[in-house]
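Report on the structure given below.
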Amino acid sequence: ENREAMLNSKSNRLTEALEEANALFDGVCRAREAALDAQFLVLASSIGKEKANELHSEMSAFDSTAYAEDLLTFMGINRTEVEETDDSEDVPGGFLPKDAWLKMGEEALKYFKRAPTFHYMMGSFESEPPVPKQRIERQKKASRGKAERAMPAQLKKMEESHQEATEKEVERILRILQTHFEDDSNTPISFFDFVIDPHSFARTVENLFHVSFLIRDGLARIKLDEDKLPIIEPTKPSGGGEEDDRAGARNQVIINLDQKEWK
Amino acid sequence: QVSELVQFLLVKDQKKIPIKRADMLKSVIGEYKDAYSEIVNKAGRTLQEVFGLQLVEIDSKRPTYILINNLPHAEGKYLCRNKEKEKMGLLLVILSFIFMKGNSVKDSALWEFLHLLAVYPGKPHCTFGDVQKLVTGEFVRQKYLETTPIPLTDPPEFKYQWGPRAEKEISKKDVLNSVAKIQGKNPTFWASQYSEA
């Protein structure tokens, strides 16, 4: 309670109190008293520290009022006789301009090694709604200059639609082949029966085109049967089969088919 | 992994709240826990070489990190939002006050000083709004200021000191020079502060 009195640098009361506590401690025989003593010590040391602080600041007297005044000047205060206003920038003896603290901030930034905050320049772009597979997966990378991304993305789309159609067709044909084989796996289909469309030459060519993909990717095989006529069958997915497929792919066949023959 | 961590750190740093290692592990490093220190080191190098930022650990008990700017100060205007600038202005004033007063001040003393600048804890400030929240909340969370209760005071009083981020981002020498400049005096005028800086 006598904190203020003790803080007075001229007083020795803190020392006296400490000595008294010391003496009392000898008579202590109960834990509670020891706890009180400890509490007192904490208090005493806190006061002691404050006293030391006071001494310290007296040595290099820092006048905070003068500092405040100078700060106001730095921030551009208008020292006028001010009437009762409710402007919260008013200070006894004048008022601060709107950019007062901005000026202070400019000064401050010279000294702070502050990392500039990171903001996306363009913002993240909107992702496309999920479209059936075959779309190239777009990565949501947060990089700058996303505007440029929009362009190549659009171009990609066009290419893909061509590709898509082809691949879809290829898949469809593969499935037909596989379905047929599920039913009867010992009768391979005659190649010609498979690709020729009796009603449309164009379709036939397209079929040939799609089948060639299957062959190239090793998903189907063309063999010659006993009559030396080509037959086609889907390949079974097997690990060892890979090497065979690659070897098989070396054989190229050029099929010559024009409208007359087709007919 | 490294670039993910770099991005993570840059985004997390926006609020200037120190980044906890636990968060880094959870969000980015995940199953690569064993390579943790290697990833962090590489990220730090990237940050330094590409962005000129330094990744600094400020607490080894619960490892937390901040990013500071390692590039030498450029002359001229700083790219910074006005709101941020104003806050930094206030912060500099507070840090200067604390330093000149011996590195630690009672909260009552701080607010008494701020009164002189028309900054009141109870009154919404036209630049800063709720100043008390700014000083005791934001600045403390960002580790610019540190506040500790003074033992056995009733009602409880606090003291303010420089926080670890302030220690890393600004030097006492610069603060003293700034005070000296504003007061139009030589920094050696304040002998003990000068020797400390």
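The values are calculated or read from the model by the stated rules, or taken from the named source; none is laboratory data. Keep in mind the model is a prediction, meaning the values are calculated, not measured. Don't worry about glycine lacking a Cβ; one is built from the backbone with ideal geometry, like all the others, and counts go over all protein chains shown. Keep in mind that these areas ignore ligands, DNA and RNA; they rest on the heavy atoms of the full protein, side chains included. Shrake-Rupley method; radii C 1.70, N 1.55, O 1.52, S 1.80 Å.
Using only alpha carbon pairs under 8 Å that are at least six residues apart, calculate the relative contact order of region B:1-69 and give it in whole percent. Numbers along the way, then the final one.
On the way: 73 pairs, mean separation 24.9, N = 69.
Contact order relative to length: 36 percent.
List every residue whose amide H lies under 5 Å from the amide H of B:Asp59, counting only residues 5 or more places away in sequence or on a different chain, with H placed 1.01 Å from N in the peptide plane.
B:Thr64
A 29 angstrom limit on the alpha carbon distance is what I want to check against. Which of A:Lys98/B:Lys12; A:Lys113/B:Lys181; B:Lys85/B:Lys173; A:Lys113/B:Lys83 exceed it?
Distance filter (> 29 Å) returns A:Lys98/B:Lys12.
Please turn the phi angles of region A:106-114 into ³J(HN,Hα) values with the Karplus equation 6.51 cos²θ - 1.76 cosθ + 1.60 (θ = phi - 60°), one per residue in order, whole Hz, x for glycine and proline.
Each residue's phi maps through the Karplus curve to give 4, 4, 4, 4, 5, 9, 7, 8, 9 Hz.
List the residues, sorted by chain then number, that are 5 or more residues from B:Asp130 or on another chain and whose placed amide H is less than 5 Å from its amide H.
Sorted by chain and number, the residues that satisfy this are B:His125.
How many square angstrom of accessible surface are buried between A and B, both sides summed, with a 1.4 Å probe and rounding to 100? If you can, show how the numbers build up before the last one.
Numbers: alone 21480 and 12670 Å², together 28670 Å².
For A against B, buried area totals roughly 5500 Å².
Where does the charge balance sit around B:Thr188 when Lys and Arg score +1, Asp and Glu -1, over other residues with C-beta under 15 Å from its C-beta?
+3
If you count only protein heavy atoms and use a 1.4 Å probe, how large is the accessible surface of A:Asp193, to the nearest 10 Å²?
Approximately 120 Å² of A:Asp193 is accessible to the 1.4 Å probe.
In degrees from 0 to 90, rounded to the nearest 10, what is the angle of the helix B:2-12 Cα long axis to the longest principal axis of chain B?
30
How large is the accessible surface of A:Lys110 in square angstrom, using a 1.4 angstrom probe and rounding to the nearest 10?
Counting only protein heavy atoms, A:Lys110 exposes about 90 Å² to solvent.
Using 26 Å as the Cα-Cα cut-off, could you pick out the over-long pairs in A:Lys49/B:Lys87; B:Lys123/B:Lys172; B:Lys26/B:Lys61; B:Lys42/B:Lys133; A:Lys49/B:Lys16; B:Lys16/B:Lys133?
Over 26 Å Cα-Cα: A:Lys49/B:Lys87; B:Lys123/B:Lys172; B:Lys42/B:Lys133; A:Lys49/B:Lys16.
Could you check which residue among B:Pro164, B:Pro151, B:Pro187 shows the biggest mean-square fluctuation in a GNM of chain B with a 10 Å Cα cutoff?
Highest fluctuation of the listed residues: B:Pro151.
Expressed as a whole number of Å, what is the distance separating the alpha-carbon centroids of region B:87-154 and region B:23-73?
30
In terms of modelled amide H atoms, which long-range or inter-chain residues lie less than 5 Å from the amide H of B:Asn69?
Amide H neighbours of B:Asn69: A:Arg114, A:Ala115, B:Gln54.
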